[in-house]
Amino acid sequence: MEPGQWLGTRLPLPRMVSLILTWLLCAIPAFSQETPSLADSAEEDRSATDALEAAKSQYFAGGHSLALASLTQLIDRLNADSTADLTILVEAEVYRAEIQYVTQDRAASWASFVRVLDRMPDYQINTFLHPAEVVDWFELVRRETSSGLPTVSPPVPQPLRAPVWVYAPVGIPQFGQKQTGAGIAFASTQVATMTASIGLHLHMRSWRRRIADNGTDTDFRQFNQIRYGVQLPVTVAFYALYAASVLSGRRHFARDQTVETTLWLDIEQQQVGVTLRF
């Protein structure tokens, strides 16, 4: 048979069936080459979903450390897989950020939420599945990252020690803090009680010398009545007024420092556009 003549030749039915089966057997491996990868991808997604749900169950049961370790392992595995489901990866990152926030690791939580926004800039956190404070924290990260300004942590102001004049007597703490009325009151009462205490002390000492040798029981009884009934209460009154003046001065000094610190923080918040919630 010359070349080309076989095109018009009818093949026997058994031979035709044999050729078709041979062609199918050769073609099946070619068609099935993509099937394992699709199956593996679906299996990987199911495995990642199961791992995520297991980590969430650990978290809800109070096992923060176990859940954090499971989520970190899952995130590392998904990051290494270019075909991983981005939705699962982002959800795992969100729950890791939440656990880090709850365990007071705010810096790590901030970094985790930044990665979430890097992968999904329009991501909306579910307010029904996450605590309100975590939602607020996430929105703060969104505002900070979208503003283009660097994240600034305001320095913690160190409390100032009260100056020496706060411990001075006769109303000096009040005069120094421009509390004229209170200064006059403390000054006048302290001067009066101090003068009376010193005068009574000198008088009582002179009187005791006179009655030391020839004094009667009546003299000693009168001496003790004046000493404990007048001199001692006047002296106690002076020290009580002095202590009240110092405590008042310290309290007003601390309050003034608190007001100044609050104003400074408000200014810093306006500069960087941060709203802090305590």
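What follows is calculated from the coordinates using simple rules that are stated; it is not laboratory data. Not measured: the values here are computed from a predicted model. Virtual Cβ from ideal backbone geometry, glycine too; neighbours counted across all protein chains shown.
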Practice task
Could you calculate the contour length gain from Val102 to Asp217, that is, 0.36 nm times the residue separation minus the distance between their Cα atoms, to one decimal place in nm?
Solution key: 33.7 nm
Fill in the blank from the handout: Here the Kirkwood hydrodynamic radius of the range 88-135, Cα-based and in Å, equals 10.6 Å
Fill in the blank from the handout: The simple spin-label model distance between Gln124 and Arg161, using points 7 Å out along Cα→Cβ, in nm, is 5.7 nm
Problem - Phe60 versus Asp85: modelled label distance in nm, points set 7 Å from Cα along the beta carbon direction - result: 1.7 nm
Completion exercise
Restricting to Cα pairs under 8 Å and 6 or more apart, the percent relative contact order of the range 41-147 works out to 19 percent
Completion exercise
Rounded to whole angstrom, the alpha-carbon centroid of the range 176-251 lies from that of the range 80-105 at a distance of 72 Å
Problem - Spacing of the two label points (7 Å from each Cα toward its C-beta) at Gln225 and Thr180, in nm - result: 4.5 nm
Exercise for the section: Give the Rg (one decimal place) followed by the Dmax (whole number) of the range 41-147, computed from C-alpha coordinates and expressed in Å. Expected result: 13.3, 40
Problem - DSSP-assigned coil residues among GluC sites (Glu not before Pro) in the range 81-115, each with at most 13 further Cβ atoms within 10 Å - result: none
Handout entry: Estimated FRET transfer efficiency (Ala192, Glu139; beta-carbon r; R0 51 Å; 0.05)
Key = 0.25
Exercise for the section: Go through the range 160-247 and name the trypsin sites (Lys or Arg not before Pro) that are in a DSSP coil and have 12 or fewer other Cβ atoms within 10 Å of their Cβ. Expected result: Arg161, Lys178
